[in-house]
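The values are calculated or read from the model by the stated rules, or taken from the named source; none is laboratory data. Here the structure is a predicted model, which means the values were calculated and not measured. All Cβ positions, glycine included, derive from the backbone under ideal geometry; neighbour counts span all protein chains shown. Side chains are part of the model used for accessible areas, which takes the heavy atoms of the whole protein and leaves out ligands, DNA and RNA. Shrake-Rupley method; radii C 1.70, N 1.55, O 1.52, S 1.80 Å.
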Amino acid sequence: MARKPMMAANWKMNKTVREAQDYTAAILPRVEDSDGVDVAVFVPFTCLGEVARMTEDSSVIAGAQNFYYEDSGSFTGEVSVPMLRDIGIGAVIVGHSERREIFGEDDEMVARKTARALEAGLLPVVCVGETKEERDSDGMWDKISGQIKRVMEEIDEPAGDEIVFAYEPIWAIGTGDTATPEDAQDATSQIRGLLRDLRDDEFADSVRILYGGSMKPENVEELIAQEDIDGGLVGGASLEAESFIKLIDATQEDNWPVEDQ
Ligand code: PEP
């Protein structure tokens, strides 16, 4: 089954609204013909309205980096799924390791958020990954499989194109230290195998698994050439529009259309 690749920018806590406008204006004409790759831009809350407005008639998906799973109420500082839908947001990152490690989000919270996003028709990009210590002490698969199992327990049975997973080894995020293509393939193929066991072939063959962790124009081709890597979730190298466009172009050329996999 062919999977359409995705290239996603995660700006993290970067860019003013003015900078977001310039960036979005730079990428929009360049992705017009990129119909072989889904492009998403995950931006800070303050830029969401403007990026959603600028991208509404395009194929670019405006995405949020965070939200809370309740719809409204006494949750100071939080933003809900209906609020995101209200301004035209199409996707959300869930369980990014920075939210897990710095803001204490646990597997339970990540699972509930994923379920809420799915119910509301937002595309969740669910991040999983291990620390260096976990990798070195053979705890990597326990960690990753536990993260995925908790999410899969909580959600109904979405189609493969309604949810995306991102394998993001924590030691590779923002460090310049990229996983080798073989290591990234090994992890993403194990993740696909687990999803096959937990659900079925149809889901496992159609769900997209991205790689994240110091992906950049210099290494994107060898990473996305791997059989089970369906694109990227990119922080640092997505901050400049030109660099992100290179990542989109490489993904479009190398991976689509894909013959039956
Ligand atoms: C990320 O933010 O998810 C990420 C992978 O960051 P970087 O590309 O900077 O490692």
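Annotations
Yes/no matrix, rows are residues, columns are (1) within 20 Å of GLN65 (Cα to Cα); (2) at pLDDT below 95:
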| site | (1), (2) |
| --- | --- |
| MET1 | no, yes |
| MET7 | yes, no |
| MET13 | yes, no |
| GLU19 | yes, no |
| ALA26 | no, no |
| GLU32 | no, yes |
| ASP35 | no, yes |
| PRO44 | yes, no |
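- Sole exception among (1) over 17 Å from the mean Cα position of the chain (by Cα); (2) away from the ligand (no atom under 14 Å from the Cβ) for VAL207, by number: (1)
- Every residue from segment 169-219 that is among the charged types (D, E, K, R), touching a residue at least 40 places away in the same chain (Cβ under 8 Å) and touching a Phe, Trp or Tyr at 6+ places or on another chain (Cβ under 9 Å): ARG208
- Residue ID - surrounded by the most Cβ atoms within 10 Å (Cβ to Cβ), chosen from residues in segment 211-254 that are more than 9 Å from the ligand (Cβ to nearest atom) and under 13 Å from the mean Cα position of the chain (by Cα): GLY231
- Residue tally, condition farther than 25 Å from ILE102 by Cβ, in a loop (DSSP other than H, G, I, E, B) and not aliphatic (A, V, I, L, M), over segment 1-24: 3
- Residues of segment 73-115 satisfying the condition of being open to solvent by less than 50 Å² (accessible area, probe 1.4 Å) and within 14 Å of the ligand (Cβ to nearest atom): ALA91, VAL92, ILE93, VAL94, GLY95, HIS96, SER97, ARG100
- Those residues of segment 125-149 which are within 18 Å of the chain's Cα centre (by Cα), of a type outside the set (A, V, I, L, M, F, W, C), within 16 Å of the ligand (Cβ to nearest atom) and assigned to a helix (DSSP H, G or I), in sequence order: GLN147
Yes/no per residue for (1) closer than 21 Å to GLN147 by Cα; (2) aromatic (Phe, Trp, Tyr):
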{"site": "ALA52", "(1), (2)": "no, no"}
{"site": "ASP57", "(1), (2)": "no, no"}
{"site": "TYR69", "(1), (2)": "yes, yes"}
{"site": "SER74", "(1), (2)": "no, no"}
{"site": "ARG85", "(1), (2)": "no, no"}
{"site": "ILE89", "(1), (2)": "no, no"}
{"site": "ILE102", "(1), (2)": "yes, no"}
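- Just so you know, in segment 1-32 the residues that are aliphatic (A, V, I, L, M) and open to solvent by 60 Å² or more (accessible area, probe 1.4 Å) include one that is nearest to the ligand (Cβ to nearest atom), and it is MET13.
- Among (1) surrounded by 15 or more Cβ atoms within 10 Å (Cβ to Cβ); (2) farther than 21 Å from VAL92 by Cβ, the one test that ASP177 misses: (1)
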